Every structure is written in structure tokens, then in C-alpha cells.
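Enquirer: A single structure is presented below for examination.
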Amino acid sequence: MTQPGSSTPLLSDEIVELMGSGVDVYVATRDCNLKPESMFAMGLEPHANRSQVTVYLPEDLAAATLANLAENGAIAVTLSRASDLRTMQLKGKCKKIRPSDEADRERQLIFRAALTEQLAFVGVPRSATRRLVWWPSIAVEVEVSDVFVQTPGPRAGERLSSPSS
Amino acid sequence: MNRVTLESIWHALDGIAPATIATCACDGTPNVSMISHVKYVDARHVALSRQFFNKTTKNLDENPQALVVIWDPVSFEHYRLELRFLRSETNGPLFDSMSARIQAIASHTGMAGVFRLLAADVFEVLSLQHLPEVIHPPELETAPEFLPPHAQVPTEQRSELWALQRLLARIKAAQNLDELLQTVLGNLAHDLGFNHSLVLLTDETGRRLFTVASHGYGPQGIGAEIAFGDGLLGTVAERKQALCLAPLDHALRYGRAIRESAEAEGSLSPAAEIPLPGLPNAKSQLALPLLVCDRVIGVLAFESPRAGAFQAWHEAFLSVMADQFASALAQAVERDNPEEPDEPPPPSIASPSTATPASCFQLYKNDDCIFVDGEYLIRNVPARILWRVLTHFKKEGRTEFTNRELRLDPSLGLPAVRDNLESRLILLRRRLELKCPNVRLVSRGRGRFALEVGSTIALTEHEST
């Protein structure tokens with residue numbers, strides 16, 4: 001699905017492919033004093049409308065992030081593939097926070113397997129990646145407003161797409 | 001959460017593993033970016049490298065609050081650093097140190113001159129927290145993946161000072177350049193477990209390095225050359241600064257990502273990537289300049305297949321040792337000069353064995369290089385020395401030679417001072433051992449050497465390859 005008046009979806013095929021290729025995912029939020037907070041996420045799922053994603057946060061680590069999201073909803077999500085550092089950042093607003101269910105857990109398992117293989121490719125032992133805390137998780141549904149390139153290099157920071165593009 | 005100090009998490013600093021930085025714009029939009037290098041400055045400050053102007057830079061100008069999350073590539077423990085941006089430094093020791101590292105990565109990936117350090121951004125560390133809840137405790141079988149180096153000496157003899165004292169004593173006792181090189185590299189492996197090392201010396205041009213000794217690589221690396229400014233080793237020589245990259249593959253991936261991005265833009269024709277000499281699976285590399293009175297006489301380099309193999313104290317220890325080693329190297333080269341015999345070498349008539357097949361040496365004049373039995377042997381000054389010696393042997397049957405006669409021969413192109421002749425002879429010996437063991441250059445004491453030939457030899461000259 002594409003945005004009204006737009007010929008390309010906000011989350012392009014390329015971005016969706018990147019999401020499924022075993023990326024590191026980091027989430028940033030902020031409090032009312034503009035103090036930043038960040039944490040890693042274990043899983044990222046694009047919605048069929050290609051303008052929303054669900055990000056999965058390990059529940060035990062997410063208190064400060066969830067408090068910020070409840071307060072103001074502003075969120076940035078960076079996904080980066082370890083083997084080539086291909087990196088994108090999504091900016092948006094949190095639309096919904098809910099406990100993950102069994103279907104989410106299955107998606108996370110697939111995501112975690114891809115991440116484990118990707119990191120093993122660059123030398124991180126599989127046993128180490130599997131030690132990362134990930135379950136139980138909280139599903140954060142995000143309305144994406146902008147996508148930026150963050151692969152290291154001269155294009156880093158370039159806006160890739162937004163609802164009006 | 002446990003209290004930790006910056007000093008206690010050195011494994012996670014200095015670019016060993018990628019990290020993230022979160023900032024926030026004044027309009028309330030958060031941002032999170034990957035960063036390649038969090039450098040320890042002092043107990044309360046760190047610096048981040050800035051190669052490009054980006055959103056993080058803009059946010060910090062508006063709002064100095066930042067949060068960095070780093071992880072230890074050995075233990076996989078995570079840490080969070082609440083930071084306050086203080087200033088950007090564009091010169092000075094901190095900038096120079098971080099810039100040299102960036103230059104080395106850029107050069108390794110064929111990006112020299114394309115990406116460089118714009119600034120070292122200095123932050124005050126407001127809080128530092130260990131995040132033990134991020135990762136489950138390790139299972140027993142995961143531990144052996146990152147063992148410390150296997151030194152062979154008993155633990156009670158492995159304290160840094162004892163090792164340094166032993167090493168310096170052996171440096172002093174070395175009788176010649178060859179012994180000095182073998183002693184230093186051998187002892188560093190035996191005492192400290194540095195099993196892969198190289199010594200490169202500056203050549204006559206003063207702008208190139210050639211490999212004169214190695215440990216742990218076999219004989220193949222001897223003679224390899226690199227220009228000042230190229231790769232990690234060339235950068236160390238150019239900047240006269242020690243550099244530690246670990247894990248190397250992350251640093252190189254970072255450089256390659258920039259290269260691919262720039263190439264995709266179509267605005268770049270990068271130079272050929274320089275293959276790293278040494279271990280194909282190197283994850284840590286440490287290189288130090290060998291300085292005598294601010295003159296670079298060479299580079300001492302180490303590699304390890306383990307991530308984070310070189311600790312902060314290794315660099316300090318090796319810096320002290322490298323200064324002594326450099327002085328001893330310079331003395332060994334000079335020592336060879338004044339005590340040479342003035343008289344010609346005793347006449348000698350060769351009686352080569354005919355039991356082994358002939359060795360065919362081919363000189364290619366345009367390329368200034370020699371092949372033996374169809375394989376590349378050596379080039380430049382050592383090639384000219386060898387050809388001179390072989391020619392005298394072939395025409396006159398001479399087998400005894402002096403360093404002095406080589407120095408007086410203008411066709412060899414040796415400079416009047418600091419000619420590196422002894423190191424060139426060592427290099428030549430090593431290459432012959434590898435490629436043509438029937439022909440040997442044997443030391444006959446200071447300033448003299450002999451050619452020993454165990455087969456018949458044939459010499460042919462060609463204009464070009």
C-alpha cells in the first residue's frame with residue numbers, strides 16, 4: 001500500500017528487506033526535558049500499509065522508554081546490518097503499546113535467528129547473541145513519518161522518504 | 001546496577017566495538033546513531049569521532065544531552081554513559097590521536113583523503129552504569145572463545161617490569177642487526193604471547209618501509225613494502241604515532257561502508273584497497289613507530305586473531321621498549337660502518353657443487369628486479385647488490401666481499417649516510433633462503449660476508465619483464 005498522492009510506499013521494498021535481514025535495532029525516545037533515552041529492540045515488523053512498524057522491546061529493560069512514549073510518543077528507530085553497516089533510521093510517533101502475544105513471539109524468534117547469523121558473520125559468537133534478553137517483550141506500534149539514510153558516508157542523514165514525498 | 005569506572009571498561013572503549021549515541025533535537029525529535037569510536041580521555045571525559053556533519057552534530061549544538069550505549073566485545077556486558085557535550089576539538093593531541101586512527105582506516109579501504117576526522121567531540125561523563133540485565137550469564141562452554149595470550153614463561157616471571165628488564169638486557173647484548181631483530185621478536189612472543197609481529201625499516205627514500213624481520217608468519221612476508229601514509233603501518237610512520245585497531249574487521253567494515261556509499265553517489269574513484277599483510281583473520285592490530293631523535297627509522301607491528309587482544313598497558317609497555325629498540329637498531333646499522341676492513345677481501349676461488357640443478361637468475365633492468373628459476377626474488381637495492389655479487393662470482397670466482405666495497409660502488413645507489421646496507425643484506429639473505437636455498441650470503445664477521453653457492457648458476461639480463 002502506498003501513501004495517498006504518493007507513487008512509492010513510505011517503507012520501500014528495500015527497507016522491508018533490510019528489516020528482515022538480521023539487523024541490530026536501536027530505539028531512542030526522550031523525556032519532557034529533552035533528555036534522550038535509548039535501548040536495543042529484538043524485532044521489527046513492517047505493517048501491510050507500509051507506513052507503520054511494530055518494534056519489540058525486552059520488557060525488563062523498557063521502563064524508561066515506555067514512560068517516555070506514554071508521555072510524548074516521539075520515537076526514532078535505527079536498524080543497522082552488521083556485515084555492511086547498511087543503516088536506516090525511522091522517525092515517528094508511538095500509536096499503541098501492548099504486551100506481545102504468541103504471534104509476536106514467533107516473529108521475534110525468526111528475527112532473532114537472522115540476527116544471530118548476521119552477527120556470527122562478523123565474529124560475534126552465536127552463544128553471545130543468544131544471551132541477549134528479549135522475552136517477555138512489549139510491542140510498540142509506530143506511525144512512521146520519515147525515513148533517513150544512516151549508512152556511514154556522505155549520504156548519512158539524507159531523507160529517503162516521508163508521507164509527502 | 002553496579003558502579004563502574006571508565007578505566008575498568010577499556011575493552012568497550014577506543015573503537016573496539018560499535019556503539020550508539022542518542023540525542024534529541026530542540027523540537028523534541030529523538031535520534032539514535034551508530035558511532036565507531038568512543039575514546040577514553042580521562043576518568044570523567046570521553047571523545048567521539050566526527051567524520052561527517054550529521055543530525056547528531058546538529059542536535060548536540062541545540063541540546064548537549066546525550067546517551068551512549070556501548071558493549072564489551074569480550075564479555076558482551078553493556079554499559080550506558082549519560083553525557084554532556086562540552087566542545088569540539090579540531091587540533092591538538094586528542095584530535096591528532098583520533099585522526100591518525102581514522103586515516104589508517106581510510107587508507108586501508110582505499111579512502112585516503114576522502115573521509116577524515118572533522119572533529120573530536122569531547123563529552124563530560126555524567127554517569128556510567130553497567131547494565132547486567134541486558135544479557136543472561138554466560139554458559140560455561142562459551143568462555144574459551146576469548147582466552148588471554150599463551151605466554152610460555154611462568155606467571156611469577158611475567159610481570160611487565162621483569163619482562164621489560166629481560167628484553168632490554170637482550171637488546172643491549174645483541175651483537176648485530178640480525179640478532180637484534182630475532183631477539184626482540186622472539187622474546188616478545190615468548191614472554192608476552194605476541195606471536196605475530198613485523199619489523200619494517202625506512203628505506204633510502206625516507207618515504208617507504210620494507211619488512212626486514214617477522215615472527216609467526218613464516219618467511220613469506222620478508223621484503224614486503226608499503227609507502228608512508230598507506231594503511232595502518234604507513235600511517236603510523238607518517239604520523240609518528242602508535243595506533244591500535246581492534247577488532248580490525250569492524251573498523252574496516254566501517255571504512256568500506258563509507259566507500260560503498262561514496263561510490264554509489266558516483267562522485268568517487270577510490271584507489272585500490274591495500275591488502276593487509278599478515279593474518280587473514282586478524283581482529284586486533286597494534287603498530288608503533290620506531291623513532292630516533294624524531295626520525296622514523298621503522299615500524300614495529302603486531303597482530304592477533306583475537307578481538308581486543310592488545311590492552312592499554314601493552315601499548316605503554318611496547319612504547320617504552322620501542323624507544324630502546326629503535327636506538328639499538330640505529331646503533332646496529334651505524335656500528336657496521338667504521339670498523340670495516342680497508343684491505344680487500346682475501347682472494348677466493350669458488351668450486352660450486354654440480355650435484356644440484358643449476359639456479360637461473362634473471363635481471364630485469366627496467367623493473368630493477370631479479371627472478372630466480374622463474375619466480376620473483378627481489379628488487380631495488382638488494383637486487384643490485386645480489387647481481388653485483390653474482391656477477392663477480394661468475395666472472396672471477398670471487399666468494400668473499402666487504403660492505404665497504406658495496407658502499408663505494410655508485411651503481412648500487414646507496415646513500416652516503418644511513419644506507420641501511422646491513423638491513424638490506426638481511427633481507428637478501430631471507431629471500432634467498434626462501435626462494436633459492438642453494439645460494440647463501442654468510443656473515444664473515446663485521447663488515448664482511450661470503451657467497452656460498454651449492455649449485456651452478458646462470459645469469460641472464462633482460463631489458464624488461
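The values are calculated or read from the model by the stated rules, or taken from the named source; none is laboratory data. Note that the coordinates shown come from a computational prediction; the quantities given were computed from them, not determined experimentally. Methodologically, a virtual Cβ is constructed for each residue, glycine included, from the backbone with ideal geometry; neighbour enumeration extends over all protein chains shown.
Enquirer: Sort through B:Leu86, B:Leu67 and tell me the only one that's out of contact with any Lys or Arg (no Cβ under 9 Å at 6 or more places or on another chain) and of a type outside the set (Asp, Glu).
Expert: Details: B:Leu67 fails: out of contact with any Lys or Arg (no Cβ under 9 Å at 6 or more places or on another chain).
On inspection, the qualifying residue turns out to be B:Leu86.
Enquirer: Where in region B:375-465 are the helices (runs of 4 or more DSSP H), entirely inside, with at least 2 residues that are touching a Pro at 6+ places or on another chain (Cβ under 8 Å) and either in contact (Cβ under 8 Å) with a residue 40 or more places away in the chain or crowded, with 20+ Cβ neighbours inside 10 Å (or both)? Break it down stepwise before answering.
Expert: Values: elements: B:380-396, B:403-407, B:421-435.
The helices (runs of 4 or more DSSP H) meeting that bar are B:403-407, B:421-435.
Enquirer: What number goes with the only condition from (1) more than 13 Å from every other protein chain (Cβ to nearest Cβ); (2) closer than 16 Å to A:Phe40 by Cα; (3) out of contact with any Leu (no Cβ under 9 Å at 6 or more places or on another chain) that A:Pro99 does not pass?
Expert: All conditions are met except number (2).
Enquirer: Shifting gears a bit: Looking only at region A:21-42, filter to residues that are in a loop (DSSP other than H, G, I, E, B) and over 12 Å from the mean Cα position of the chain (by Cα); which one of those is farthest from the other protein chains (Cβ to nearest Cβ)?
Expert: Step one: of region A:21-42, the residues in a loop (DSSP other than H, G, I, E, B) are A:21-23, A:31-35, A:42.
So of that shortlist, the ones also over 12 Å from the mean Cα position of the chain (by Cα) come out as A:21, A:31-35.
Numbers: A:Ser21: 15, A:Asp31: 9, A:Cys32: 9, A:Asn33: 8, A:Leu34: 5, A:Lys35: 5 Å.
Checking each candidate, the answer is A:Ser21.
Enquirer: Does at least one position in region A:123-132 carry a residue that is closer than 24 Å to B:Val74 by Cα and away from every other protein chain (no Cβ under 11 Å)?
Expert: Going residue by residue through region A:123-132, those that are closer than 24 Å to B:Val74 by Cα are A:123-132.
Imposing the further condition that a residue be away from every other protein chain (no Cβ under 11 Å) reduces the set to none.
Checked against the condition, which is being closer than 24 Å to B:Val74 by Cα and away from every other protein chain (no Cβ under 11 Å), region A:123-132 yields no hits at all.
Enquirer: For A:Glu45, indicate whether it is assigned to a strand (DSSP E or B), over 14 Å from the mean Cα position of the chain (by Cα) and crowded, with 16+ Cβ neighbours inside 10 Å. It would help to see each step written out before you state the result.
Expert: On the way: assigned to a strand (DSSP E or B): yes; over 14 Å from the mean Cα position of the chain (by Cα): no; crowded, with 16+ Cβ neighbours inside 10 Å: yes.
Considered against the rule, which asks whether it is assigned to a strand (DSSP E or B), over 14 Å from the mean Cα position of the chain (by Cα) and crowded, with 16+ Cβ neighbours inside 10 Å, A:Glu45 comes out as no.
Enquirer: If you go through region A:1-20 one residue at a time, do you hit one that is within 8 Å of another protein chain (Cβ to nearest Cβ) and surrounded by fewer than 23 Cβ atoms within 10 Å (Cβ to Cβ)?
Expert: Initial filter on region A:1-20 (within 8 Å of another protein chain (Cβ to nearest Cβ)): none.
Scanning region A:1-20 turns up no residue that is within 8 Å of another protein chain (Cβ to nearest Cβ) and surrounded by fewer than 23 Cβ atoms within 10 Å (Cβ to Cβ).
Enquirer: While we're here: Looking only at region A:135-160, count every residue that is over 20 Å from B:Pro73 (Cβ atoms) and in a loop (DSSP other than H, G, I, E, B) and tell me the total.
Expert: First pass over region A:135-160, keeping only residues over 20 Å from B:Pro73 (Cβ atoms): A:135-151, A:153-160.
Still in the list and also in a loop (DSSP other than H, G, I, E, B): A:135-136, A:150-151, A:153-158.
Looking only at that region, the number is 10.
Enquirer: Among the numbered criteria (1) surrounded by fewer than 19 Cβ atoms within 10 Å (Cβ to Cβ); (2) at pLDDT 85 or above; (3) not hydrophobic (A, V, I, L, M, F, W, C), which single criterion is violated by B:His150?
Expert: Checking B:His150 against (1) surrounded by fewer than 19 Cβ atoms within 10 Å (Cβ to Cβ); (2) at pLDDT 85 or above; (3) not hydrophobic (A, V, I, L, M, F, W, C), the one that fails is (2).
Enquirer: Filter region B:298-320 down to the residues that are crowded, with 21+ Cβ neighbours inside 10 Å and either in a helix (DSSP H, G or I) or not charged (D, E, K, R) (or both) and list them by number.
Expert: Within region B:298-320, B:Gly298, B:Val299, B:Leu300, B:Ala301, B:Phe302, B:Ser304, B:Ala307, B:Gly308, B:Ala309, B:Phe310, B:Leu318 qualify.
Enquirer: For region A:99-110, indicate whether the set of residues that are in a strand (DSSP E or B) and within 11 Å of the chain's Cα centre (by Cα) is non-empty. Before the answer, list the steps.
Expert: If we filter region A:99-110 for residues that are in a strand (DSSP E or B), which is where we start, we get A:99.
Pick out the ones that are also within 11 Å of the chain's Cα centre (by Cα) and you get none.
Checked region A:99-110: no residue is in a strand (DSSP E or B) and within 11 Å of the chain's Cα centre (by Cα).
Enquirer: Mind listing whichever residues of region B:75-104 are within 13 Å of chain A (Cβ to nearest Cβ), farther than 12 Å from B:Ala47 by Cα and surrounded by fewer than 18 Cβ atoms within 10 Å (Cβ to Cβ)?
Expert: Passing the criteria: only B:Ser75.
Enquirer: Have a look at A:Ala114, A:Ala74, A:Ala82 and point out the one that is more than 14 Å from chain B (Cβ to nearest Cβ) and aliphatic (A, V, I, L, M).
Expert: Result: A:Ala114 is the single residue among A:Ala114, A:Ala74, A:Ala82 that is more than 14 Å from chain B (Cβ to nearest Cβ) and aliphatic (A, V, I, L, M).
Enquirer: Just wondering, is there one or more residues in region B:39-49 that are modelled with pLDDT of 85 or more and among the acidic types (Asp, Glu)?
Expert: First, pick out the residues of region B:39-49 that are modelled with pLDDT of 85 or more: B:39-49.
Imposing the further condition that a residue be among the acidic types (Asp, Glu) reduces the set to B:42.
Among the residues of region B:39-49, at least one is modelled with pLDDT of 85 or more and among the acidic types (Asp, Glu), which makes the answer yes.
Enquirer: Pairs needed: first member in region A:133-161, closer than 28 Å to B:Pro137 by Cβ; second member anywhere, of a type in the set (Val, Ile, Thr) and not in a strand (DSSP E or B); C-beta distance under 8 Å; at least 6 residues apart or different chains.
Expert: These pairs meet every condition: A:Val133/B:Val134.
Enquirer: Another question, if that's okay. Take B:Ile70 and tell me if it is in contact (Cβ under 8 Å) with a residue 40 or more places away in the chain and assigned to a strand (DSSP E or B).
Expert: Numbers: in contact (Cβ under 8 Å) with a residue 40 or more places away in the chain: yes; assigned to a strand (DSSP E or B): yes.
Judged against the criteria, B:Ile70 is a match.
Condition check ((1) part of a loop (DSSP other than H, G, I, E, B); (2) modelled with pLDDT of 95 or more; (3) not hydroxyl-bearing (Ser, Thr, Tyr)) across all residues:
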residue	(1), (2), (3)
B:Ala22	no, yes, yes
B:Asp27	yes, yes, yes
B:Ser33	no, no, no
B:Ala66	no, yes, yes
B:Ser75	yes, no, no
B:Arg84	no, yes, yes
B:Asn91	yes, no, yes
B:Asp96	no, no, yes
B:Gly110	yes, no, yes
